[in-house]
Amino acid sequence: NHSVNCGDTIIAAAGSYIGTMNFNYGSWGSVTGTHPCVAFLKCVKAFACTVNGGGGPLMFMTASHWGVMGFVFTQTSKSNNYACIQTGSSGLTDFLIANNVFTGCYGGATQFADADYVVQVSNIAYNAALQSSQCASGFPLNTPKNYDTRVGTHIYFAQLFSWGNQDPNPCAGSTPTDGEGVIFDTWDGHSYVGQGVIKDTITLWNGSSGIRVDASTKAKIYIYNNTAASNNQSPWLISGENGEIVTQ
C-alpha cells in the first residue's frame with residue numbers, strides 16, 4: 001500500500017506474515033520510475049520473514065516494478081491453485097524475485113503470466129506443484145506478454161535450485177504432464193518475442209524434466225550452464241518428452 005519510487009526499499013520486519021492479509025490483491029502501491037526498474041520489498045534479514053496462508057497467492061502482485069527478497073513462502077492449504085507469488089493483472093512489467101525459498105506451493109513457486117521483464121535469481125523451490133485442477137511446476141513462466149520489443153534479455157532465470165516438484169494424479173483431469181523444475185511454457189500464446197535465459201540452475205528429482213521449453217517458437221531462448229539430474233520421477237508421467245532438458 002505504499003506509492004514509492006524505483007530504487008526505494010521497504011524493509012519488512014522479521015516475523016510471520018499472512019499472505020492473504022498483508023500482500024493481497026490490490027495492496028501493491030504504484031512505483032514511479034523509468035522502465036526497467038523496481039522498488040524493493042526486502043526482509044530485514046534473509047529468511048527471517050515467513051509468509052503463510054491458504055485461499056490465494058501469498059503475494060498477489062497487482063502493480064508493476066516490484067522486487068521481493070529474503071522471504072520464505074509456504075501455502076498451508078489448497079489455495080485455489082494459485083502460485084505462492086502471482087500477478088493478478090495482464091500487461092504488468094519489471095519484477096525481480098531473488099533470494100527466496102518456496103515450499104508447499106500449489107501452482108508453482110511463482111507465476112507471472114501475461115507479464116514481461118521478469119528476473120528470478122537465487123531462489124529455491126521444492127514440493128511446489130501441489131494443485132490438481134491444473135498441472136504445475138517448480139518455476140514456471142507461462143504466456144508472457146510483450147511490454148515492448150526491445151532487443152536484449154526480457155526473462156532471466158538464474159541460480160535457481162528446484163527439486164521434488166511433482167504433480168498429483170490426477171491433475172488437469174488426467175495423468176500428470178508437468179512437474180518440471182523450470183519451464184518456459186507457451187510463449188507463443190501472446191506471440192511473445194522477448195529473449196529468455198535459463199542459466200546456472202540445479203534441478204533434481206522433479207516429476208517431469210528438469211528444464212523444459214514448450215510451445216515457444218518466436219522468442220530466442222538461451223539455456224546454458226545448468227545441471228539437471230534424476231528428474232522424471234513421477235510414476236504417472238505420460239509426456240513423450242522426458243529428457244532432463246527438453247525443448248519443443
So, in the range 73-94, of the ones that are under 11 Å from Ala109 (Cα atoms) and out of contact with any Pro (no Cβ under 8 Å at 6 or more places or on another chain), which residue ends up modelled with the lowest pLDDT? Gln75
What's the number of the only condition in (1) in a loop (DSSP other than H, G, I, E, B); (2) open to solvent by less than 40 Å² (accessible area, probe 1.4 Å); (3) among the aliphatic types (A, V, I, L, M) that Val51 fails to meet? (1)
Can you work out which of the residues in the range 61-118 that are assigned to a loop (DSSP other than H, G, I, E, B) and β-branched (Val, Ile, Thr) is farthest from Tyr156 (Cα to Cα)? Thr76
Here is a list: Ile238, Ile155. Which entry is aliphatic (A, V, I, L, M), in contact (Cβ under 8 Å) with a residue 24 or more places away in the chain and more than 25 Å from Asn99 (Cα to Cα)? Ile238
Could you check the range 123-235 for strands (runs of 3 or more DSSP E) lying wholly inside it with 3 or more residues that are closer than 18 Å to Ala83 by Cα? 124-126, 139-142, 161-163, 182-185
Lone qualifier among Ala39, Ala98 - being aliphatic (A, V, I, L, M), open to solvent by less than 30 Å² (accessible area, probe 1.4 Å) and touching an Asp or Glu at 6+ places or on another chain (Cβ under 7 Å): Ala39
Going by the structure shown, is Tyr17 in contact (Cβ under 8 Å) with a residue 12 or more places away in the chain and within 30 Å of Ala172 (Cβ to Cβ)? no
Could you please find all residues in the range 199-222 being touching a helix residue (DSSP H, G or I) at 6+ places or on another chain (Cβ under 9 Å) and open to solvent by 60 Å² or more (accessible area, probe 1.4 Å)? Thr217, Lys218
From the set of residues in the range 174-198 that are under 15 Å from the mean Cα position of the chain (by Cα) and open to solvent by 20 Å² or more (accessible area, probe 1.4 Å), which is farthest from Tyr126 (Cα to Cα)? Thr186
So which residues in the range 101-127 are crowded, with 23+ Cβ neighbours inside 10 Å and among the aliphatic types (A, V, I, L, M), if there are any at all? Ala109, Ala115, Ala125
Give me the pairs: first residue in the range 63-79 and within 19 Å of Ser27 (Cα to Cα), second residue of a type in the set (Asp, Glu) and assigned to a strand (DSSP E or B), beta-carbon distance under 7 Å, and six or more apart or on different chains, which are they? Ser64/Asp94; His65/Asp94
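The values are calculated or read from the model by the stated rules, or taken from the named source; none is laboratory data. None of the values given here were measured: they were computed from a predicted structure. Neighbour counts are summed over all protein chains in view; Cβ atoms, including those assigned to glycine, are modelled from backbone coordinates with ideal geometry. Each accessible area value is taken on the protein alone, full model and side chains, heavy atoms only, with ligands, DNA and RNA left out. Shrake-Rupley method; radii C 1.70, N 1.55, O 1.52, S 1.80 Å.
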